[in-house]
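First comes the structure, then the notes that go with it.
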Amino acid sequence: MTEDELIEHLQTTPPACISGFSPLPTQLDKPFDDNPTSVWQLRCGCGGERGYFLGHSLSKWVEQKQGELDIFVGPLAIECSACDRVTELLDTEIHGYHADLAQREGEIDSSKYRGEGPRQRYACPGCGGEEFTTKAGFVFWYPDELLEEFSERYEDLFNVFLCHCTCTGCGKQSEPTQFGKL
């Protein structure tokens, strides 16, 4: 496989973490950086495109200043508005470059912040609404090195997770979470 073929593979093959969805390839409104990126519009298995973004507020561990956007840590999921099904989205203990690499070597990766117990719904910073359409993005660093070091499941070796939510109430776009150096 050439590097160009790998980049095409990364952009057209959803990572395992979103296998519970019926994802459609899409684009971000503006590029994240120069690295290869795959972006997916998340849809429930029932076909529903709207849902509630679930996670754990980072404010549980880190004091946030007044007016700062509430950032969520995982495990993350989306609850479908149409059928109420909760579909897991990302767990940094399992997903991303370092967690996947640890699993391939028979180890367990340890997240710095990871929520436990019931998750809460993310609220739109514009109107307070809780229903969104969601795009998940995955950024891959050094595809040439992926080719040298691995022979399969390249799409699971993402380094950055992006999440763009669009409120169904007011149309405001927000990013409830972003994980780098995964």
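The values are calculated or read from the model by the stated rules, or taken from the named source; none is laboratory data. Predicted model only: the values in this text are computed from it and were never measured. With ideal geometry, Cβ positions are generated from the backbone for all residues, glycine too; neighbour counts draw on all protein chains shown.
Annotations for the structure displayed:
- Hits in region 58-84 - residues which are modelled with pLDDT of 80 or more and either loosely packed, with under 15 Cβ neighbours inside 10 Å or within 15 Å of Thr134 (Cα to Cα) (or both): Phe72, Leu76, Ala77, Ile78, Glu79, Cys80, Ser81, Ala82, Cys83, Asp84
- In this structure, Thr177 does not qualify as at pLDDT 95 or above and β-branched (Val, Ile, Thr).
- Filtering region 11-32 to residues that are over 15 Å from the mean Cα position of the chain (by Cα) and part of a helix (DSSP H, G or I) leaves only Thr12.
- Test: residue in region 130-146 that is surrounded by fewer than 21 Cβ atoms within 10 Å (Cβ to Cβ), among the charged types (D, E, K, R) and either more than 19 Å from Gly48 (Cα to Cα) or at pLDDT below 95 (or both): yes
- When the residues of region 86-128 are filtered to those that are surrounded by fewer than 18 Cβ atoms within 10 Å (Cβ to Cβ) and basic (Lys, Arg), the one that is nearest to Gly180 (Cα to Cα) is Lys112.
- Tallying residues that are over 18 Å from Leu162 (Cβ atoms) and not charged (D, E, K, R) within region 95-123 yields 11.
- For first residues located in region 154-169 and touching a residue at least 12 places away in the same chain (Cβ under 8 Å) and farther than 14 Å from Lys135 by Cα, partners that are among the aromatic types (Phe, Trp, Tyr) and surrounded by fewer than 20 Cβ atoms within 10 Å (Cβ to Cβ) and lie 6+ apart or on another chain with Cβ distances below 6 Å form the pairs Leu157/Tyr97; Asn159/Tyr97; Asn159/Trp141.
- Every residue from region 33-43 that is surrounded by 14 or more Cβ atoms within 10 Å (Cβ to Cβ) and either more than 17 Å from Thr166 (Cβ to Cβ) or over 14 Å from the mean Cα position of the chain (by Cα) (or both): Asn35, Pro36, Thr37, Ser38
- For Gly55, the conditions (1) in a strand (DSSP E or B); (2) under 18 Å from Lys181 (Cβ atoms); (3) modelled with pLDDT of 90 or more all hold with the exception of (2).
- One residue from Asp84, Asp100, Asp91 being within 25 Å of Gly47 (Cβ to Cβ) and free of Cβ contacts under 8 Å to residues at least 60 places away in the same chain: Asp84
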